[in-house]
Protein chains: 2
Amino acid sequence: MEKEVKYTTWVENATGIQGTARSLDGELQVQVSSPLKPVAGTNPEQLVGLALATCLNATIEAEEKRRGYDHQSVVRVKSEMGPDTPGYQFWVTAYVKIPQVDRQTAQAILKKAEQRCPMAKLLGANPNVTIKLVDEFEEV
Amino acid sequence: MEKEVKYTTWVENATGIQGTARSLDGELQVQVSSPLKPVAGTNPEQLVGLALATCLNATIEAEEKRRGYDHQSVVRVKSEMGPDTPGYQFWVTAYVKIPQVDRQTAQAILKKAEQRCPMAKLLGANPNVTIKLVDEFEEV
């Protein structure tokens with residue numbers, strides 16, 4: 001299909017690993033820091049995790065409402081970082097709870113959401129990315 | 001290679017498209033909203049863009065320093081959203097400026113960074129994702 005853009009936004013990092021990064025419209029401004037140093041700040045692991053959690057949960061929410069359910073779903077994402085050859089790699093695991101429906105319905109809602117959610121599609125082909133339905137989140 | 005995790009972090013979205021989303025350690029907390037509605041807040045487009053901008057620029061910074069240059073690189077990311085069949089899709093384009101070196105050196109630094117940067121690797125296989133070296137950013 002032809003590319004049809006409904007929304008465009010710009011973000012920028014000039015600082016590198018330590019300092020402030022932001023969207024040009026001012027809606028997102030964060031302190032970033034190395035996750036391996038005891039310095040306050042967020043990092044790419046959290047940012048990409050929250051992009052997936054928000055996008056997938058928003059898509060599930062739309063599907064809950066389409067089916068006449070209240071929105072009760074929660075998406076929790078674990079982002080991990082470790083060595084790669086060369087450099088580093090991330091592992092991203094999304095845990096999805098849709099507690100107000102039976103497991104079969106929850107699976108159907110999640111499947112539909114994965115097919116529609118742009119973040120799931122952007123990451124989904126990568127073997128380091130997993131999305132799974134759970135009844136309860138594991139202890140953090 | 002065997003999976004060796006150096007850092008683990010958790011984030012969560014319970015609200016859906018509108019409300020507060022956060023990391024469980026409290027380092028990242030944002031208001032999210034639909035980019036198609038006139039409501040303040042950030043969104044997955046900006047979050048994934050800033051994850052890529054920060055991770056790639058941090059990796060370029062390390063390579064600048066390894067080569068004895070000051071850190072001057074800037075990564076600006078354009079995130080776009082539009083219809084897909086089904087649902088929606090994102091397009092993510094990273095524009096990279098490494099102004100203190102000649103173009104050939106800048107290309108070599110960027111190539112090295114792309115091979116090492118976990119966000120570039122997480123997204124890089126996707127045809128909707130592009131990373132390019134530029135002399136100047138386009139007008140926004």
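Coordinate-derived values only; no laboratory data. What you see is a predicted model, and the numbers here were worked out from it, not measured in a lab. Cβ: placed from backbone, ideal geometry, glycine included. Neighbour counts: every protein chain shown.
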Helix axis angle, B:44-66 relative to chain B longest principal axis, alpha carbon, degrees: 20 degrees
GluC sites (Glu not before Pro) lying in DSSP loop within region A:61-140, provided at most 16 other Cβ fall within 10 Å: A:E136, A:E138, A:E139
Lysine pair number, Cα distance threshold 19 Å (strictly under), chain B, separation 8 or more or different chains: 16
Gaussian network model of chain B, springs between alpha carbon atoms under 10 Å - residue of B:T54, B:T85, B:T130 with greatest fluctuation: B:T85
Charged-residue dipole, Cβ positions (Lys, Arg, Asp, Glu), region A:1-42 about Cα centre, Debye nearest 20: 220 debye
Fewest-first sequence of B:T93, B:T8, A:T59 by Cβ atoms within 10 Å of each Cβ: B:T8, B:T93, A:T59
Crossing angle, helix B:103-116 versus chain B [Cα axis fit, 0-90 degrees, rounded to tens]: 50 degrees
Cα convex hull of the protein assembly as shown - mean projected area over all directions, nm²: 14.9 nm²
Debye, to nearest 20: dipole size of the protein assembly as shown, +1 on Lys, Arg Cβ, -1 on Asp, Glu Cβ: 360 debye
Point-charge dipole on Cβ atoms (K/R +1, D/E -1) for region B:44-133, about Cα centre, debye to 20: 320 debye
Isotropically averaged projected area of chain B, using the convex hull of Cα atoms (one quarter of hull area), nm²: 11.2 nm²
Dimensionless Rg/Rh of region B:1-42 - Kirkwood Rh, Rg from C-alpha atoms: 1.19
Residues of region B:36-55 with amide N under 12 Å of the 7 Å Cα→Cβ point at A:M1: none
DSSP-defined beta bridges in chain A - what % are antiparallel, rounded to 5: 75 percent
